[in-house]
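Q: Below: one structure in structure tokens.
The values are calculated or read from the model by the stated rules, or taken from the named source; none is laboratory data. This one's a predicted model, so the numbers in the text were calculated from it and none came from an experiment. Using ideal geometry, Cβ is built from the backbone for each residue, glycine included, and neighbour counts are taken over all protein chains shown.
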Amino acid sequence: MSVNQGYDQGIREAQPIVVDDDPDTAADLPSPRLGADSLVWKFYGDSRGLLGFQRLAGTENCIEQLGQGVLDHSIIFDDFIGRARRTGPPVMRTVYSAEPQKWGRTVRDFHRDIKGTISDGSRYHALNPELFYWAHATFVDQVLYVTDTFIRRLSHSEKEQIFEESKVWYELYGVSARSQPQTYDEFVAYWDDMLDRFVPHKTIVYATGYIRKGVPRPKKVPAPVWKVLSVPLDAFIRTVVVGTLPQQMRDVCDLEWDDRKEKNFQRFAAFMRTLNPVINRLPLKWLYVPWAYQAWREVGVDPRPLHNKAAS
């Protein structure tokens, strides 16, 4: 039996399946939450997560229904950075705030009216469990991938722990978990299956245009100056940013990749892991994004000495 059996039928139902509550009442629910003892708290809000931004946003929108939802209901084509700023903080607060259920339900309710049809005429709904769980899975993957690639190698048991914590994280949204794998190994199989479903939707092809064409010149930067600055910037993006992407996403987005770039990417990743003991001594405010930094301050825990060696 496939770990993702029933996906095609489930996603075509296009039916939202949610817990019957709202953000105000969710704050009083006896639901579990993540805390300072979790690996998700340690690694999700680490500033190095920014190295995986394109992997996170890109893999999510390579599934046609999600790409179409963004195209139909978002202003991504007019305000890409603004959309990221509006989307990221509520998800961060679902993990790090003192009211995780409230923020989780708020994220969910942003998606109540996101529905429509895709190219074959079938319907989609953002709160369909198969679609909503895939969006969540890209965040789980971000924690696993960025940590293991740029921070330090994770043991298999740590990956299992992060996945188990991700179940708590998903529960906070109040959406059916019928599509959620039950073990970390099942999650890996699920992830691989989803990668093979990627399509070159307009949303993700547009969102990766800056990689193929080069980063657009900011209006305040003179053209001669940008001509010089853009060369190393574009080279970095086409090696490091593209290096984080699964090959299936490179293929559907027509992003060039070869053995030389792979070797250069692996050297950069290894260098970042080597620097981890140094980076981990930076001030907490530099090491974590604001929502995570504030959460660590509020609980009175310094995460820098925690979980710095792989558990057996």
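Q: Tell me which of these P181 doesn't satisfy, since it passes every other one: (1) in contact with a Phe, Trp or Tyr (Cβ under 6 Å, 6 or more places away or on another chain); (2) not in a loop (DSSP other than H, G, I, E, B).
A: P181 satisfies all of (1) in contact with a Phe, Trp or Tyr (Cβ under 6 Å, 6 or more places away or on another chain); (2) not in a loop (DSSP other than H, G, I, E, B) except (2).
Q: If you don't mind, another one. Which one of the conditions (1) assigned to a helix (DSSP H, G or I); (2) under 21 Å from the mean Cα position of the chain (by Cα) does K227 fail to meet, given that it meets all the rest?
A: In the conditions (1) assigned to a helix (DSSP H, G or I); (2) under 21 Å from the mean Cα position of the chain (by Cα), K227 misses (2) alone.
Q: Please give the number of the condition K261 fails out of (1) within 25 Å of E64 (Cβ to Cβ); (2) out of contact with any strand residue (DSSP E or B) (no Cβ under 9 Å at 6 or more places or on another chain).
A: So K261 meets the others, but not (1).
Q: Would a scan of segment 252-265 turn up a residue that is at positive phi and not hydrophobic (A, V, I, L, M, F, W, C)? Break it down stepwise before answering.
A: Restricting attention to segment 252-265, the residues satisfying the condition of being at positive phi are 254.
Filter once more, keeping what is not hydrophobic (A, V, I, L, M, F, W, C): 254.
Yes - at least one qualifying residue is present in segment 252-265.
Q: Is there a residue in segment 100-118 that is more than 18 Å from F132 (Cα to Cα) and either modelled with pLDDT of 95 or more or not basic (K, R) (or both)?
A: No, segment 100-118 has no match at all.
Q: What number of residues within segment 113-140 are touching a strand residue (DSSP E or B) at 6+ places or on another chain (Cβ under 8 Å) and part of a loop (DSSP other than H, G, I, E, B)?
A: As a first pass, look at segment 113-140 and keep what is touching a strand residue (DSSP E or B) at 6+ places or on another chain (Cβ under 8 Å): 114-118, 123-127, 129, 131-133.
Next, only the ones that are part of a loop (DSSP other than H, G, I, E, B) stay: 114, 118, 126-127.
So the answer is 4.
Q: Further question on the same structure: Scan segment 170-182 and report the pairs whose first residue is in contact (Cβ under 8 Å) with a residue 40 or more places away in the chain and more than 19 Å from E13 (Cβ to Cβ) and whose second residue is assigned to a helix (DSSP H, G or I) and among the hydrophobic types (A, V, I, L, M, F, W, C), with Cβ atoms within less than 7 Å and a gap of 6+ or a chain change.
A: Pairs found: P181/F187.
Q: Continuing with this model, one more query. For segment 220-236: of the residues being surrounded by 11 or more Cβ atoms within 10 Å (Cβ to Cβ) and among the small types (G, A, S), which is nearest to F265 (Cα to Cα)?
A: A235
Q: Let me ask another. Test L275 against the stated conditions and say whether it is in a helix (DSSP H, G or I) and over 22 Å from the mean Cα position of the chain (by Cα). Give the derivation first.
A: On the way: in a helix (DSSP H, G or I): yes; over 22 Å from the mean Cα position of the chain (by Cα): yes.
Yes, satisfied.
Q: Looking at segment 274-312 only, could you name the residues that are under 12 Å from F43 (Cβ atoms) and surrounded by fewer than 17 Cβ atoms within 10 Å (Cβ to Cβ)?
A: Once the filter is applied, which keeps residues that are under 12 Å from F43 (Cβ atoms) and surrounded by fewer than 17 Cβ atoms within 10 Å (Cβ to Cβ), segment 274-312 yields N276, N280, L306, N308.
A quick yes/no check of all residues on (1) crowded, with 23+ Cβ neighbours inside 10 Å; (2) out of contact with any helix residue (DSSP H, G or I) (no Cβ under 6 Å at 6 or more places or on another chain); (3) closer than 20 Å to L56 by Cα:
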site: E99; (1), (2), (3): no, yes, no
site: F110; (1), (2), (3): no, yes, yes
site: S122; (1), (2), (3): no, no, no
site: A126; (1), (2), (3): yes, no, yes
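Q: Oh, and also: Do we have any residue at all in segment 186-197 that's surrounded by 14 or more Cβ atoms within 10 Å (Cβ to Cβ) and without any contact (Cβ under 8 Å) to a residue 24 or more places away in the chain?
A: yes
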